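**Student:** Following this message is one structure expressed as C-alpha cells.
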Amino acid sequence: MPPETAAPAVVGRATAPVPAPAPVPSHGPAAGHPAAELAGLDALQTERTRRTSAADVLRTKVAPPLVALLFALLLWQLLVAVLGPRPDVVPGPVDVARQVGVLLSDGTVLGALGTSLWRGVSGFLIAVAVATPLGLLVAQWQGLRNAVGPLISGLQVLPSVAWVPAAIIWFGLSDATVYFVVLMGAVPSIVNGMLAGVDQIPPQLRRAGHVLGASGWTMASRIVLPAALPGYVAGLKQGWAFSWRSLMGAELIAIGGSIGFGLGSLLAQGRTVSNMAVVMVAVLAILAVGILVELLFFNPVERRLLRGRGLLGHRS
C-alpha cells in the first residue's frame, strides 16, 4: 500500500496538502510506560553523592577526636596536679612525653612498633588466607557447619592468651609461637563473619546461580562471597582486633629466645623495672595502632561497600 499522506485541504477549486504535525521530541519513556516506572525506581534506589571537601573532612572527622584527645590530656594533667601521686606510679602527660622522647632517641619504641606491626599484619594476612576458604567451605555444606560451627564459636570465645603456654611447649620461644596465637585469635572471628554474611544472602541469588549453571567452588567464589561481603568485612574487622590483642598477649608472656622485641615486650619491660611511664608509652602506642588501622583502612572499606549497596548515605 502507498504510504499515508496528509489529507488535502480544499481552497476553492485548488487543493493544497496540509503538513503533518511535527513529532514532539521525547527525552525518555512516556508517562505510564513500564520503562518510565523502572527508571523512577532506579532513581529512588540510586544514592546521589557529593564530593566531600577537605574542610568538611577536617570539621567532621578530624576535629572531634582531636578535641576529645586534648580534653582527656588536660583532665589527666589536672588530676595529677591535684592529687600529686608518685610519678613512678601515676605519671602525668608531661612525664610520659619525656619518656617518649627518651625511647625515640634510642630507637626502642620505633623498633618495638615495627616488630609488632610486621607480626600483626603478616599474621592477620595468613589468618585471612586460611579463614576465607574455610568459611566458604563450612557455609556451603550444612552438615559440616552443624559439626564444626559450635567449635568455631567456642574458639572465638576462648581467650587466645590461653594458647600461649601450649604454643611455647610446641614451638619454643620463637616467632612461630606468636603467629600461632595470632591465628587462633583471628581465624574463628573471620570464619564466623563469613557465616553471618552468608546467612544474610537472599535465597533468590543462589537459585539464579543454579539456573546459570554455577555450582561448587564457582557458586562459592562468584556468587556467595560477593553477596556476603558486608558480613565478611565485619568479620575481618573483628579478626584484626582479635589478632592485635592476641599478639600483645603473646609478646607480653613469651619473652626471650629468638622472639623479637615488640610492644608487648616493652610493656613487660616497664613492669619489670616498675617504670609506669614506659608502660604508658607502650599502652598508648598499642592504642594508636588500633585506632589508626580502624580509621584509615577498615572504616573507608566498610563505608564504600555499604554506600555501593545503597545502605549508607553520604552524610553518615
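Just so you know, all these numbers are worked out from the coordinates, no wet-lab data involved. In this text the structure is predicted, and so the values were computed from the model without any measurement. We place every Cβ from the backbone using ideal geometry, glycine too, and count neighbours over all the protein chains shown.
**Student:** Place the peptides 302-309, 185-192 in order of packing, highest mean first, counting for every residue the other Cβ atoms within 10 Å and averaging per peptide.
**Tutor:** Ranking the peptides 302-309, 185-192 by packing returns 185-192, 302-309.
**Student:** Take the Cβ-Cβ distance between residue 90 and residue 255 as r, set R0 to 22 Å, and report the resulting FRET efficiency rounded to the nearest 0.05.
**Tutor:** 0.30
**Student:** Where in region 54-84 is the amide nitrogen less than 16 Å from a point lying 7 Å along the Cα-to-Cβ axis of residue 292?
**Tutor:** Flagged as within label range: 66.
**Student:** In addition: Rounded to the nearest 20 debye, what is the charge dipole size of region 158-307 about its Cα centre when +1 sits on each Lys and Arg Cβ and -1 on each Asp and Glu Cβ?
**Tutor:** Computed charge dipole of region 158-307: roughly 520 debye.
**Student:** Hey, can you rank 237-246, 171-180, 63-72 by average C-beta count inside 10 Å, highest first?
**Tutor:** The peptides rank, most packed first, as 237-246, 171-180, 63-72.
**Student:** At 0.36 nm per residue, and after removing the present C-alpha to C-alpha distance, how many nm does the segment from residue 299 to residue 222 gain when stretched out fully?
**Tutor:** Taking 0.36 nm per residue and subtracting the Cα distance, the gain is 25.3 nm.
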